[in-house]
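The values are calculated or read from the model by the stated rules, or taken from the named source; none is laboratory data. All figures in this text were calculated on a predicted structure; none of them were measured in a lab. A quick note on method: Cβ atoms are made from the backbone with ideal geometry, for glycine too, and the neighbour counts reach across all protein chains shown. Keep in mind that these areas ignore ligands, DNA and RNA; they rest on the heavy atoms of the full protein, side chains included. Shrake-Rupley method; radii C 1.70, N 1.55, O 1.52, S 1.80 Å.
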Amino acid sequence: MATLESGFNPTYSENASILTGNPNRVTVEVEDTIDRDFWSDLLGELCPEKEFHFDPYHTILNEDGSSERTGKGKSQIINAAPSFNAWHIGCVDSDYDWILSDYTDAGKTISSTKYLLQTYAYSIENLMCLSCTLLGDFCSENTEESTEFDFDDYLTRLSKAVYPLLVWSTYLCSKGNQSFTPTAWREVLVNTEKDPEASLTQIEAKAKAKIEEFDKNFADEITDKEDFEFSQICLKDVTEEDAYLYVRGHELFDQILNSVLIPLIIDLRNQHREAIKASDMGDEAYKNALREYQRKVKPVKPLLSKNYRYKHNTLIYDKIWADVMQVWM
């Protein structure tokens, strides 16, 4: 007979905290291991007095001592949400459920459950790509060179290109229409271009084509779509300029990583190596300086995956902060 080794047992978490004399021990259910790092960083900063223990999935312990994972993900956390308490909480990506909080069961549960935290942005990956965090800190810290590339302008232009499609997508999903579900963002956002402008040109063209397609195919629903935009999107402070925070995060992350950051950072690192080479130092000092720089250079993807500078740089952080304060006020 299998037993549950780790999983949704908020009553146990509460009793364990009390019996061990550690009322600050909190079990946190998250969707996956990458989410554990994100929420650990956030909750650790906001509530340093708490002792957070993260559980990214269920594990079944079999009679023979072996264990097996029974799955993980948002749906399991949502289903368990009604039993959460201050000693056992859940943290999930919002996906479309924040925008569609009046339409989806998941959205209704998240918005009505005090002990279930959400990202508000589509996912944690969107927050890692927050434009204002990439220029001043991210690029300079990881290259020791400055760049004039304007991430704010780039992501604003990307947002304006995809915003009408975001409106159509969320509107159609609210009606149960599967013409453009969140996974379809891959068709628009991901391409093989290694140049930011070339990549953005492709995105603009693909988004424009889909928007024109929906304007034509659902011409009799344009007024309803516009009403939906005002009541479900504009009133939630989603704008044309920051729409990139609300499209599917995995695809946005891949596009910013592969088409913008990697080519840009490779160029900046090469500039720095050339500057070392051109400096007036002896051969041994040059080799040591170059070797030290090489030691500091890290792959870009893991660095972007830990870009938690969104804090204090977006209204989304304020919303999450307010939710956390409600749990442990």
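Going by the conditions given, is TRP87 in contact (Cβ under 8 Å) with a residue 12 or more places away in the chain, closer than 23 Å to SER159 by Cβ, open to solvent by 10 Å² or more (accessible area, probe 1.4 Å) and hydrophobic (A, V, I, L, M, F, W, C)? Judged against the criteria, TRP87 is not a match.
Quick grid of which residues meet (1) outside any helix (DSSP H, G or I); (2) surrounded by 14 or more Cβ atoms within 10 Å (Cβ to Cβ); (3) free of Cβ contacts under 8 Å to residues at least 12 places away in the same chain; (4) in contact with a helix residue (DSSP H, G or I) (Cβ under 9 Å, 6 or more places away or on another chain):
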| site | (1), (2), (3), (4) |
| --- | --- |
| CYS173 | no, yes, no, yes |
| SER179 | yes, yes, no, yes |
| LYS194 | yes, no, no, yes |
| ASP242 | no, yes, no, yes |
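Kindly evaluate ILE233 against the criterion of being assigned to a helix (DSSP H, G or I) and either modelled with pLDDT under 95 or touching a Pro at 6+ places or on another chain (Cβ under 9 Å) (or both). Considered against the rule, which asks whether it is assigned to a helix (DSSP H, G or I) and either modelled with pLDDT under 95 or touching a Pro at 6+ places or on another chain (Cβ under 9 Å) (or both), ILE233 comes out as no.
Within the stretch 1-19, the set of residues being exposed (fewer than 13 other Cβ atoms within 10 Å of the Cβ) and either part of a helix (DSSP H, G or I) or modelled with pLDDT of 60 or more (or both) comprises THR11, ASN15, ILE18, LEU19.
In the stretch 144-157, the residues that are outside any loop (DSSP other than H, G, I, E, B) reach residues that are crowded, with 17+ Cβ neighbours inside 10 Å and of a type in the set (S, T, N, Q) with C-beta atoms within less than 7 angstrom, at least six apart or across chains, in these pairs: PHE151/SER131; ASP152/SER131; LEU155/SER131.
Candidates are the residues of the stretch 112-139 that are over 13 Å from LEU245 (Cα atoms) and part of a loop (DSSP other than H, G, I, E, B); the one that is most open to solvent (accessible area, probe 1.4 Å) is LYS114.
Residues checked against (1) free of Cβ contacts under 8 Å to residues at least 60 places away in the same chain; (2) in contact with a Gly (Cβ under 9 Å, 6 or more places away or on another chain); (3) basic (Lys, Arg):
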site	(1), (2), (3)
LYS208	yes, no, yes
VAL238	no, no, no
VAL260	no, no, no
ILE266	yes, no, no
MET281	yes, no, no
GLU284	yes, no, no
